[in-house]
Structures are given as C-alpha cells and as structure tokens.
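Worksheet: one structure, shown below.
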Amino acid sequence: MLKIVNFSKRYGNNKKKAVDNLSLEVKKGEIFGFIGHNGAGKTTTIKSIVGIIDFNEGDILVNGLSIKDNEIECKKVISYIPDNPDIYGSLTGIGYLNFIADIYGVSQEIREKLISKYANIFEILPNLGDLISTYSHGMKQKLIIISALIHSPKLLVLDEPFVGLDPIASHNLKDIMKDLCKEGSAIFFSSHVLEIVEKLCDKVGIIKDGKLVKVGTVSEIKGDKSLESIFLEIEKV
C-alpha cells in the first residue's frame, strides 16, 4: 500500500539531506511505527508521503501510484493526522466534518453513520455544534481523527496521534487502528511513546539523522530487549 524508494529530501541550499536515501514498504493490513529523535526526518518523510512537500530524489508509491505523478488519486485513499490539530476555529465541529466529507465525496448516509459512530466513541457528539475555537487541544485532536476516518482511508498516516488524548481515547484509537488493518488498510505513524509502538505495530523503522538505520518486525528489531533500550543504544552511537 505504501512503498518508499530511495527517497531523499534537502531543504534549500543545505548540503545535508533532511532524509537520505530512505526505502521501506508498508503492506495492506500492517501497522508500521516510524521512530526517531526530534529532527531525525520523521515529519519530513510523513509530509512527503501525503503530498504536502515536494522532494528531491526517489519516489513514494501509494497503492502502486507515484505521489509525484498522481497526487490527487493518491490523496483520495490517504488520511493524514498531523502532530498539531490546527483546524478552522470559526467552524463548528459538525461543519468541519461535513467540509471534509464533501471534499472526499462521502455520501450523506455514510457520513452521518460514521460521524455518529466515531463521535460517540470519542465522546464529543454533544460538542459537534460548538465552534472549534472553544475546543480543548484534546477535543481538536479527536475531531481531526474523526475527520480522517469518515472516508474509510486505505492508508492512514499519523504524526504523534496520541498526544493530547486521554487514556480512554488513546485506547479507542488503538482499537480503531487495528480494525482498519483487519479490513485491509495500512497505517504508518510516528510516535515518541515507544511502549505504544512496541505493543501496537507489526513493523518498525528507526531513523537517525535522516537515515533509516533499522527496519523490520518488532521482534526482529528488539530481540529479547525492549524497543526503548534498542532505540537508546542506537542514539548513543
């Protein structure tokens, strides 16, 4: 579902690449955890996958199509949850969700069903008529998660999705991620919460200074240690 091939990104005249010759693959039904220190290249990679920023070398394929050459077609099957839920404060919650549903061409019947389902799960159904400007950070995060789910994405890309969520919402999001993968979707997400990555993911990639230094199944990466200890060992080198 997602294939990154020799991907590199350099900003401006900077000689050092933010991401350097990265290759990995996420298949249907897989949850892939992408971890690294601040500035390692995680968000650059994620924003390139979803078509927010252009890149210099290599290619990124979504469902077999290049994001460079088929941007709209790729975006139709992608949902992106950024690390900061910066959304339109002048809209109501339901207004924002309908706006997103309109963009993706979701029918009235399906959107009403899914909005009701996920708003109940994340316990913000009574707040959907309120202006987003009145929402807390956690409520905004829940709203943007719901907006990412209402067109049933084939590839869900998340950047620190658990930040700001209460324990119940965090648990529910993990269950939703698992259910999506059972239905054939793929998930690519970054997180600094290594315990979640270790328990939730099928595969893990560790990026350091723009280069992918380890990739494989969780058991292959950590062996008889914890993922946290492996990560710290790599960071010390």
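Every number in this text was worked out from the coordinates using simple rules, so none of it is lab data. It should be emphasised that the depicted structure is a prediction, and the values quoted were computed from it without experimental measurement. So basically every Cβ, Gly included, is an ideal-geometry build from the backbone, and we count neighbours across all protein chains shown.
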Notebook entry, point to check: Limited to region 133-163, what total is found for residues that are among the β-branched types (Val, Ile, Thr), touching a Phe, Trp or Tyr at 6+ places or on another chain (Cβ under 6 Å) and farther than 20 Å from Lys27 by Cα?
Noted result: 1
Next item on the list: Out of Leu173, Leu158, report the one residue that is in a strand (DSSP E or B), in contact (Cβ under 8 Å) with a residue 12 or more places away in the chain and buried (at least 20 other Cβ atoms within 10 Å of the Cβ).
Entry: Leu158
Item checked: region 164-178, subset of a type in the set (A, V, I, L, M) and in contact with a helix residue (DSSP H, G or I) (Cβ under 8 Å, 6 or more places away or on another chain), residue nearest to Ile31 (Cα to Cα) -> Met177
Next item on the list: List every residue pair whose Cβ atoms sit under 6 Å apart, with the two residues 6 or more apart in sequence or on different chains, where the first one lies in region 207-228 and is under 15 Å from Gly36 (Cα atoms) and the second, anywhere, is surrounded by fewer than 17 Cβ atoms within 10 Å (Cβ to Cβ) and basic (Lys, Arg).
Entry: Ile221/Lys214
Item checked: Residues being among the charged types (D, E, K, R), surrounded by 19 or more Cβ atoms within 10 Å (Cβ to Cβ) and closer than 19 Å to Val19 by Cβ - total across region 212-231 -> 0
Item checked: Options Ile132, Ile103; residue that is of a type in the set (A, V, I, L, M, F, W, C) and under 29 Å from Phe34 (Cα atoms) -> Ile103
Notebook entry, point to check: Among Ser8, Ser90, Ser48, which is of a type outside the set (A, V, I, L, M, F, W, C), surrounded by fewer than 22 Cβ atoms within 10 Å (Cβ to Cβ) and within 19 Å of Asp209 (Cα to Cα)?
Noted result: Ser8
Next item on the list: Answer yes or no: is there a residue in region 168-181 that is charged (D, E, K, R) and touching a strand residue (DSSP E or B) at 6+ places or on another chain (Cβ under 7 Å).
Entry: no
Checklist line | Residue identified as under 24 Å from Asn21 (Cα atoms), out of contact with any His (no Cβ under 6 Å at 6 or more places or on another chain) and surrounded by fewer than 19 Cβ atoms within 10 Å (Cβ to Cβ) among Asp179, Asp209 | finding: Asp209
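What residue, among those in region 11-45 that are aromatic (Phe, Trp, Tyr) and under 16 Å from the mean Cα position of the chain (by Cα), is surrounded by the fewest Cβ atoms within 10 Å (Cβ to Cβ)?
The selected residue is Phe32.
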